Amino acid sequence: MIMQTRLLVPMTSVSDVERSIEFYKHLGFEVGNTFAADNATKPTWAWLESNGAQLMLAAADEPIVPDQQRILFYLYTDDVQAAQAQLADAGLSPGPITTPFYAPRGEFQLVDPDGYVLMITHT
């Protein structure tokens, strides 16, 4: 029998967990849990959730190099244009909406504070 994966939750290394929490709040995420390592004054790990979407953030041991990030996070929303406008109003600099064959109602790129590329597209 082959194992059946029920859930996949990405955990990404970030340079500042608190800063990343604030960024991801603009995408509808709320903090589910945090942890601070011994002698830490700020969280070193966080669990974020938004409806059925989940993301873990962990403080990086080494500097984050944006050009070396090789993963895309796809986030699905009901209204791509409204999402892009809301993120632009928040000063987050979303990219232009494009319509590749797999996203006929559009998608756009948003880069998080550590250089991870988020693709926002329609459900």
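Annotations for the structure displayed:
- Euclidean distance between Cα centres, region 1-18 to region 35-66, Å: 12 Å
- For the chain, the share of accessible area belonging to carbon and sulfur comes to 52 percent (1.4 Å probe, ligands and nucleic acids excluded).
- Area of Met3 that stays accessible when all protein chains are in place (1.4 Å probe, Å², to 10): 150 Å²
- Highest average packing first - 73-81, 34-42, Cβ atoms within 10 Å: 73-81, 34-42
- Note: relative contact order over region 1-103, using C-alpha pairs below 8 Å and six or more positions apart, is 24 percent.
- Most to least packed among 114-120, 59-65 [average Cβ atoms within 10 Å]: 114-120, 59-65
- For the chain, with +1 on Lys and Arg beta carbons and -1 on Asp and Glu, the positive-most of Met1, Thr34, Ala59 along the dipole: Met1
- This model, with +1 at the C-beta of Lys and Arg and -1 at the C-beta of Asp and Glu, gives the chain a dipole about its Cα centre of some 320 debye.
- Ranking by accessible area, most exposed first, for Phe101, Phe108 with a 1.4 Å probe: Phe101, Phe108
- Probe 1.4 Å, protein heavy atoms only - accessible area per residue of the chain in square angstrom: 65 Å²
- Here each label is just a point 7 Å from Cα along the line to Cβ, and for Gln4 and Glu18 those points are 4.4 nm apart.
- Based on the convex hull around the alpha carbon atoms, the chain presents an average projected area of 9.9 nm².
The values are calculated or read from the model by the stated rules, or taken from the named source; none is laboratory data. Quantities reported herein were computed from a predicted structural model and do not represent experimental measurements. Please note: Cβ atoms are built from the backbone with ideal geometry, for glycine as well, and neighbour counts cover all protein chains shown. Just so you know, the surface numbers come from the protein's heavy atoms only, side chains and all, with ligands and any DNA or RNA stripped out. Shrake-Rupley method; radii C 1.70, N 1.55, O 1.52, S 1.80 Å.
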